[in-house]
Amino acid sequence: MAPAILLLSFLLLGEYTVGLAPSGPWDAFNFAPASRTVYPRSIREYSGNVTSASSILSNGSLTLSGDESYVVLDFGYEVAGLISLNFDDVSENSSIALSFTESPLFISPRTSDDSVVTSANLSYDGVLNVPAPLQTGYWTQPSAQLRGGYRFLTIVSTSDSSVSLSNVSAALDFMPHVDSLRDYSGYFYAADPGYVDQDFLTRVWYAGAYTVQIDTIPADAGRDPNHPSPGWANNASMDSPGPVLVDGAKRDRSVWPGDLGISLPTQFVSTNDLNSTRNALATLYARQDASGGLPYAGPPLDLLYSSDPSDTYHAWTLVGTYTYVLYSGDFEWLQEVWSNYTRGVKFLASKVDETGLLNVTGTLDWGRLGQGGYNSEANALYYKVLTSGADLALWLNDTSLSAAYTANASALKSVFNDAFWQADKGLYRDNTTTDFSAQDGNSLAVVFNLTESAEQAAAVSEGLTANWGVYGAVAPELPDTIAPYIGGFEIQAHFIAGNAERALDLLHREWGYMLYTPISVQSTLLEGYTSNGSLYFRSTDGYDYDASYTSHAHGWSTGPTSALSFYVLGLQLTAPQGETWSVAPQTAGLPYAEGGYKTPLGWFGVSWASDGGLWNVSVSTPDGTSGIVRPPVAGTVSVDGETAELDASGSLPLSGGNHTVSVQTAG
C-alpha cells in the first residue's frame, strides 16, 4: 500500500472523534466559516466619490460623499444573515441604502436581486433604506429584513451628505442550533486527475454540504411571499418547534417535499442534522387533509398552493419519511405519524384505476411541463412509495401490510414496463399518450429499480446522454432547461447502471459549470439554468424572465454529495442506522477515495486505493453491525491478511469493526 494511503487509512480508522468526522486535507474544502460573524473579503467595485474604500477591509473607515456614491463588498462566498456596521461620522441628512445579490450580474445600487416574487424588470425587492437621521455608533439590520442568501453587498449613499462607516459584518443565521458550522459528522476526499481541477470531486461534495447548511433556517425566518414591493421580509413562521430544512437560502425559504429527495441524503452524509428534516416532514403531515392528501409545499407557502395539489410531491413526503427513518432509526416518530403515512399511501392507491397505473390528477410538480394522466415519473414515485412503505411496515412488525405493499409494487412494476418501455429507443416514454422520453421518469425508473434487467438499465443510461450539452443534461420535459434536481437522480442512474465514468462526465459538465462559472457564487449550487448557461431558469414557466430570481443555494442541486458517498465510496446503509450495510465502490478510474458518515450506531468509514495491480479497501463500521464488501476488480482476495473467497454475488460478508480487503489483480 502506498504511504499516502496508509496515512489516509490511519486517519480513517485511528483518529475518529465521537460525533465528528476525522480531520485531514479535506477540511480545506469546507466552505462553512469558523465563526458566525463574517466579514467582506474584498472590494468588488465602487463608484462616485468614495474615500479610503479598501480601509473597510482592515478595521478602517470608508467615506461615501454625494448621492449614489457606492461601494460593493464581496464576502467571497454565499452567506446569509444580518448586516451590522458602525457609523463613524454622519451629518443631519446622511442616509444610505443596502442592496444584496448572489450573482455579480445583478449588482446594483438601486435594487437587490429578487426573492419575493418574479418581476420582468428584475427590481421587485429594491433596497433596504437606512434613512436620516443616522446615529453614530453600531447599527444592525432589522431582523425582519434578514437576507437569506447573498455574496455581494452594495452600500450606497442616498443623500448629498457624506457618511463614514466601518466594521461591516454579517451575523450568520443558518443552523442556529449548532455551535460550530464546520463540525461535520461526515467527509469525502478523492483525487480527480482527469479533470481540470484534480480536487473537484472533494470541492463539489463540500459545496453541496454547505448549500444544505445554509438552507437550514430558524423556525421564524421563512419568506413572506406577499410582501409589497419594494422590500422583502423573512420573518414568516415555519410552524415548527425548531430549525427546518428548506429549499433555498434566498428563496423560497419554505419546505418543498420533492427537494428533500436530494437534500436529505446530502444532509445525512455531511452534518447528519436530521432533526431539521424531521421538523420539515412534520410540517407537511400537520397539513394533511381529510382525504389523506399531503400539501404541495409546507409553510409559509402552503397557503398559496392550498387548492393546487401535487401527486408527485405528495409521494415525495412519503419517500422522505422512509429515508429519514432509514438514516435515523427514529421509530418513535414513525409511530406518531404512521396513521398519516398509511392514509397518504391510500390516497395514492385510490388513483390507481383498471390499467394498474396511477392516474395523476394533482399535476403540480418540480416545474416540468406535461404532468398528468398516466405519467412515468409519477408512477415510478408511487412504486418507490410502495417498496419503501413495505420496509417501514416490516420495521413496525406489520407483516400483512408489508406484504400487501410488496404485492402492489410487484404488480405495478410489470404494468409500468408494459405501458412505458420503448424497446426501439431503450428508454421509457413520459406518458402513455406521448412518445418523448423525459429525464425524470427514466432516471427515477433506474434509481427506484423499475428496470427488469441490467441490460435495460444500461440502455436507459445510454439513452439519457442524448440530452447532454456542454453545460449538462437538458430536461426534455422542460425544454432549454438544465435542472440539477433531476440531474442528481440521473447521476445516480448512471452509477446504478454500472457507468461510473459516465456519471462523472455529467458531474463535470453540469456541476463543474455551476461551481466555477463567474456568474454564480462558487460555493453553493444553482437552482437551475438554461442550456446555454444563462440564469434565465424557468423563464417561460413561472419565473417571468426574471434571471435575478433564480436561487444560487438550492438543496435540490446537491445530488453529487450523497452520490459520491454512496457510489464512489460505495458506502450505503441497508437497514436502519446501518445495522446492515454495503460497501461497493465504483472507482471510475480514480486512484483513491475515502470518507464516511455517522449514525446513532457510530462511525461508518471507507478508504480505498488502486496501486498498480493491488486494490485495497479499509472499512470501519460499528461493532454489532454486519455487511458486505463487493470489490470492483477481480483477482486474489484477502481479508485482514487471510485469503478469502467471494460468494455467488461477488461479495464478502463481514461483521462490524475494522477490516482491510485486498485484491491482487492478474498481471
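The values are calculated or read from the model by the stated rules, or taken from the named source; none is laboratory data. Everything quoted here is computed from the prediction, not taken from an experiment. With ideal geometry, Cβ positions are generated from the backbone for all residues, glycine too; neighbour counts draw on all protein chains shown.
Can you find, within segment 536-568, the residue that is nearest to F152 (Cα to Cα) among those that are among the aliphatic types (A, V, I, L, M) and in contact with a Gly (Cβ under 9 Å, 6 or more places away or on another chain)? Within segment 536-568, the match that is nearest to F152 (Cα to Cα) is A553. Would it be correct to say that S123 is in contact with a helix residue (DSSP H, G or I) (Cβ under 9 Å, 6 or more places away or on another chain), surrounded by fewer than 20 Cβ atoms within 10 Å (Cβ to Cβ), assigned to a strand (DSSP E or B) and of a type in the set (S, T, N, Q)? The answer is no for S123. If the condition is being among the hydroxyl-bearing types (S, T, Y) and either modelled with pLDDT under 95 or surrounded by 17 or more Cβ atoms within 10 Å (Cβ to Cβ) (or both), then segment 512-527 contributes Y513, S520, S523, T524. Could you tell me whether any residue of segment 91-103 is over 30 Å from T540 (Cα atoms) and under 35 Å from the mean Cα position of the chain (by Cα)? Among the residues of segment 91-103, at least one is over 30 Å from T540 (Cα atoms) and under 35 Å from the mean Cα position of the chain (by Cα), which makes the answer yes. When you scan segment 382-401, do you find a residue that is aliphatic (A, V, I, L, M) and either over 31 Å from the mean Cα position of the chain (by Cα) or farther than 30 Å from T580 by Cα (or both), even just one? Yes, that holds for at least one residue. Of the strands (runs of 3 or more DSSP E) that lie entirely inside segment 620-667, those containing 3 or more residues that are out of contact with any helix residue (DSSP H, G or I) (no Cβ under 8 Å at 6 or more places or on another chain) and not polar (S, T, N, Q) span 652-664. Just for segment 106-128: of the residues that are under 22 Å from T158 (Cα atoms) and hydrophobic (A, V, I, L, M, F, W, C), which one is nearest to the chain's Cα centre (by Cα)? So, considering only residues that are under 22 Å from T158 (Cα atoms) and hydrophobic (A, V, I, L, M, F, W, C), the one nearest to the chain's Cα centre (by Cα) is F106. Filtered by the rule that a residue be surrounded by 23 or more Cβ atoms within 10 Å (Cβ to Cβ) and outside any helix (DSSP H, G or I), segment 258-292 gives a lone residue, T271.
Taking segment 200-236 as the range and being closer than 17 Å to H177 by Cβ, part of a loop (DSSP other than H, G, I, E, B) and touching a residue at least 24 places away in the same chain (Cβ under 8 Å) as the test, the residues that pass are D215, P218, A219, A221.
Look through segment 338-350, keep the residues that are of a type outside the set (V, I, T) and either touching a helix residue (DSSP H, G or I) at 6+ places or on another chain (Cβ under 7 Å) or more than 18 Å from A411 (Cβ to Cβ) (or both), and return whichever of them is surrounded by the fewest Cβ atoms within 10 Å (Cβ to Cβ). Top of the filtered list is S339. Go through the residues of segment 532-553 one by one and say whether even a single one is closer than 28 Å to G595 by Cα and surrounded by 24 or more Cβ atoms within 10 Å (Cβ to Cβ). Scanning segment 532-553, I find at least one residue that is closer than 28 Å to G595 by Cα and surrounded by 24 or more Cβ atoms within 10 Å (Cβ to Cβ), so the answer is yes. Would you pick out the residues in segment 302-352 that are part of a helix (DSSP H, G or I) and among the polar types (S, T, N, Q)? Across segment 302-352, the qualifying residues are T312, T317, T321, T323, S328, Q335, S339, N340, T342.
Can you pull out the residues in segment 27-58 that are part of a loop (DSSP other than H, G, I, E, B) and under 21 Å from L172 (Cβ atoms)? Matches in segment 27-58: N30, F31, A32, P33, A34, S35, R36, Y39, P40, R41. May I ask you to verify whether S254 is over 18 Å from I214 (Cα atoms), in a loop (DSSP other than H, G, I, E, B) and either among the polar types (S, T, N, Q) or assigned by TED's automatic domain parsing to the domain that holds G149 (or both)? Considered against the rule, which asks whether it is over 18 Å from I214 (Cα atoms), in a loop (DSSP other than H, G, I, E, B) and either among the polar types (S, T, N, Q) or assigned by TED's automatic domain parsing to the domain that holds G149 (or both), S254 comes out as no. Total residues in segment 40-76 satisfying the condition of being under 14 Å from P109 (Cβ atoms) and not aliphatic (A, V, I, L, M): the figure is 11.
Scan segment 594-629 for residues that are over 24 Å from V325 (Cβ atoms), surrounded by fewer than 18 Cβ atoms within 10 Å (Cβ to Cβ) and in contact with a Ser or Thr (Cβ under 8 Å, 6 or more places away or on another chain) and jot them down. Within segment 594-629, G613, L614 qualify. Scanning segment 637-667 for residues that are of a type in the set (V, I, T) and exposed (fewer than 12 other Cβ atoms within 10 Å of the Cβ) turns up just one, T643. Are any residues in segment 248-303 farther than 16 Å from G362 by Cα, among the polar types (S, T, N, Q) and touching a helix residue (DSSP H, G or I) at 6+ places or on another chain (Cβ under 8 Å), and if so, which ones? Result: S263, T266, Q267, S270, T271, N272, S276, T277. Which residue out of D398, D430, D424 is closer than 30 Å to N340 by Cβ, in the same structural domain as N340 (by TED's automatic domain parsing) and of a type in the set (D, E, K, R)? After applying the criteria, what remains is D398. Considering segment 146-176, the residues that are part of a loop (DSSP other than H, G, I, E, B) and within 20 Å of the chain's Cα centre (by Cα) include one that is surrounded by the fewest Cβ atoms within 10 Å (Cβ to Cβ), namely P176.
Every residue, every condition in (1) more than 30 Å from D273 (Cα to Cα); (2) not aliphatic (A, V, I, L, M), yes or no:
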residue: W139; (1), (2): yes, yes
residue: G148; (1), (2): no, yes
residue: L153; (1), (2): no, no
residue: S159; (1), (2): yes, yes
residue: N167; (1), (2): yes, yes
residue: L172; (1), (2): no, no
residue: D179; (1), (2): no, yes
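Kindly evaluate D183 against the criterion of being crowded, with 18+ Cβ neighbours inside 10 Å and either assigned to a loop (DSSP other than H, G, I, E, B) or assigned by TED's automatic domain parsing to the domain that holds R253 (or both). No.
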